[in-house]
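All of the numbers you see were taken from the coordinates with simple rules; none came from a lab. Note that the coordinates shown come from a computational prediction; the quantities given were computed from them, not determined experimentally. Virtual Cβ from ideal backbone geometry, glycine too; neighbours counted across all protein chains shown.
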């Protein structure tokens, strides 16, 4: 009996310890976020710093995002046509592809791919800079690493995400067009006109809002994981894994919350 | 102007319930090369971090140019750090920047100098460490000794009045070690700076240091000129200076009886 009680207490203690640790990390992440915002002045005075990072986070992620978008669009068209033709509304395939991409898949899949490609690169880079004392060296030179290293990467991620999400949706629609019009033979006029009639400007704005929020979440998570990682090879590798897991969960959770608000309003 | 540019007064520092330094007193006179020596894990590098204001002391204080470091706000600490240059153990060069850009980094970040003047200054600093010809290389293309010299050029980029060296000789071949050794002394004298060297390489450090502090068990175990310390009869200093295997610092980590442990089964 005493043994079971001791195991129960140990289990509770461990759970409590983990909860406190996660809360502590959440607080530290929020602190980094606010520090990044408050030390962003330097980045905007020297926009070259942001543009350079946009090349590494945004431009270098283009291939994986555009290729994925093309295939996602093609699969959407195939699956959509398969279902719609049963109801005699295969002409609506353009609307289905566009709405699915603009409202959900564009921002969400872009953010997931961004977390896997650019997020991990950011975490590994910052983690290694910490492990090799580059951040300490910067501090000892009286240069604030948050203003010089963290803030430009943060804004580069935030600005890149909506652009990437727009490109994802555009290329996805082209992929859908290729399958629906060129392969299946849906009328090209119906494909585009129905899309034009049913996709609102609000959908585009909502997509931009979602991708902006995902950009903030994914980038700050990647930066925090790198900045907080233990300065060892194992520490950096765990931080990189945590970046993908946390970012993906954050994107999916935030998507649900944002979609709920957008549908209500 | 005070004679001592850095003063460590009754300093204690600890973390996770363990006291690493217990009431340390040290002074670093202007223009001198002062070494802090001691075994691995004796808290030598931590002393440099305390001087640079990267960590706060538990008790006591560090004064740089008469200012108490841990009482400064962020701007005050950054102002003090502009007087300092630091050479990290492995150089800590920015791997995404070329040799030229690494040395130019503090000038571009902290001054409004025109690019043409920065170019001249960078080439002068690199020339001082013998690496002007390597200014286009990237850090991964450098050997350990070259990386250390580039880091030294970066540390002196803004002509600091205090130059701190964290294990400057660790992992270098004898030629690079000799080069770095000579550079530390000559740059200190040419710039009129004060150098603080943290090291456990006795021969090289004794060659260039004016004064040496030995740190052991969180305290200053001995101090004096290299000449005095070479002749010291203090058991710890004798063991350290002559590299003896056993002495006050035991060869074996605390362990149960050897024979008994071997005879134990399962």
Fill in: Between 0 and 90°, nearest 10: helix B:174-191 axis offset from chain B longest Cα axis
60
Worksheet, complete the sentence: Counting only DSSP beta bridges fully inside chain B, the antiparallel percentage to nearest 5 is 55
Worksheet entry | q = 0.19, 0.20, 0.22 Å⁻¹, region B:154-249: log10 I(q)/I(0) [Debye, one scatterer per Cα] | -0.97, -1.05, -1.19
Worksheet item: Taking chain B as a Gaussian network, Cα atoms linked when under 10 Å apart, which of B:186, B:98, B:116 shows the biggest mean-square fluctuation?
Response: B:116
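For each of B:263, A:207, count neighbouring Cβ atoms within 10 Å of the residue's Cβ, then give the residues from fewest to most. It would help to have the intermediate numbers written out before the result.
On the way: B:263 8, A:207 23.
Ranked by crowding around the Cβ, least crowded first: B:263, A:207.
Please arrange B:101, A:200 by how many other C-beta atoms lie within 10 Å of their C-beta, fewest to most.
Details: B:101 16, A:200 11.
Going from least to most buried by this count: A:200, B:101.
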Worksheet entry | Average partner coverage of B:150-159, which counts Cβ from other chains inside 10 Å | 1
Worksheet item: Given only helices, namely DSSP H runs of n ≥ 4 each adding -39500 (n - 2.57), what is the per-residue ellipticity at 222 nm of chain A, to the nearest 500 deg cm²/dmol?
Response: -26500 deg cm²/dmol
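For B:238, B:21, B:135, what ranking results if the residue with the fewest other Cβ atoms within 10 Å of its Cβ goes first?
With the fewest neighbours first, B:238, B:21, B:135 line up as B:238, B:135, B:21.
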Fill in: Mean separation of Cα contacts under 8 Å (6+ apart) over length of region A:39-264, as relative contact order %
35
Worksheet, complete the sentence: Evaluated at 10 °C and 1.306 mPa s, the Stokes-Einstein D of the protein assembly as shown based on the Kirkwood radius over Cα pairs, in µm²/s, stands at 58
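Is the shape of region B:124-183 rounded, prolate or oblate, going by the alpha carbon gyration tensor and its root eigenvalues a ≥ b ≥ c, with a/c under 1.5 for rounded and a/b larger than b/c for prolate? Provide the component values of the computation, followed by the final result.
Details: a/c = 1.62, a/b = 1.03, b/c = 1.57.
It comes out oblate by the Cα gyration axes.
In region B:159-266, what % of DSSP beta bridges are antiparallel (nearest 5)? Kindly include the intermediate steps, with their values, before the conclusion.
Working: 5 of 10 bridges.
So the antiparallel bridges in region B:159-266 amount to around 50 percent.
Quick one: work out the % antiparallel among DSSP beta bridges in the protein assembly as shown, nearest 5.
Values: 20 of 38 bridges.
Of the beta bridges lying entirely in the protein assembly as shown, close to 55 percent run antiparallel.
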Worksheet item: Which order do peptides A:45-58, B:23-36 fall in by mean Cβ count within 10 Å, highest first?
Response: B:23-36, A:45-58
Worksheet item: How well do other chains shield peptide B:164-171, expressed as the mean number of their Cβ atoms within 10 Å of each residue Cβ?
Response: 0
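For chain B, what does -39500 (n - 2.57) per DSSP helix run (n ≥ 4), summed and divided by total residues, give at 222 nm, in deg cm²/dmol to the nearest 500?
Numbers: 10 runs with 97 residues, N = 266.
So the helix-based figure for chain B works out to -10500 deg cm²/dmol.
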Worksheet item: Measuring from centroid to centroid over Cα atoms, what is the spacing of region B:133-179 and region A:62-111 in Å?
Response: 56
Response to the item:
If one builds a Gaussian network model of chain B from Cα atoms under 10 Å apart, the most fluctuating residue listed among B:193, B:92, B:216 is B:92
Worksheet item: Taking only Cα atoms, what is the 0 to 90° angle, nearest 10, from helix B:115-128's long axis to the longest principal axis of chain B?
Response: 40
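Let me have the relative contact order for region B:154-266, percent, based on Cα pairs under 8 Å that are six or more residues apart. Spell out each step's value before the answer.
On the way: 102 pairs, mean separation 19.5, N = 113.
Relative contact order, region B:154-266: 17 percent.
For region B:9-163, what percent of Cα pairs sit more than 26 Å apart?
Values: 4286 of 11935 pairs.
Here the long-distance tail beyond 26 Å is 36 percent of all Cα pairs in region B:9-163.
Evaluate peptide B:110-117: per residue, the Cβ atoms of other protein chains within 10 Å of its Cβ; return the mean as an integer. Before the final figure, lay out each step's value.
Working: counts 3, 0, 0, 0, 0, 0, 0, 0.
What the average comes to for B:110-117 is 0.
Expressed as a whole percent, how much of the Cα-Cα distance distribution for region B:4-263 exceeds 34 Å? Could you put the intermediate results ahead of the total?
On the way: 7321 of 33670 pairs.
When every Cα pair of region B:4-263 is considered, 22 percent fall beyond 34 Å.
Using Cα-Cα distances under 8 Å and only pairs 6 or more residues apart, what relative contact order does region B:4-263 have, in percent?
Numbers: 462 pairs, mean separation 63.2, N = 260.
Answer for region B:4-263 is 24 percent.
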Worksheet entry | Ordering of A:89-101, A:16-28 by packing [mean C-beta count within 10 Å, highest first] | A:89-101, A:16-28
Worksheet item: Top mean-square fluctuation among A:249, A:223, A:174, Gaussian network model of chain A, C-alpha springs under 10 Å?
Response: A:249
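Quick check on region B:14-88: take the gyration tensor over C-alpha atoms, sort the square-rooted eigenvalues as a ≥ b ≥ c, and tell me if it's rounded (a/c under 1.5), prolate or oblate.
Working: a/c = 1.69, a/b = 1.20, b/c = 1.40.
In terms of gyration-tensor shape, oblate.
Can I get the semi-axes of region A:39-264's equivalent ellipsoid? Compute them from the C-alpha gyration tensor as square roots of 5 times the eigenvalues, in angstrom, largest first.
Values: eigenvalues 309, 53, 42 Å².
Equivalent-ellipsoid dimensions as semi-axes: 39, 16, 14 Å.
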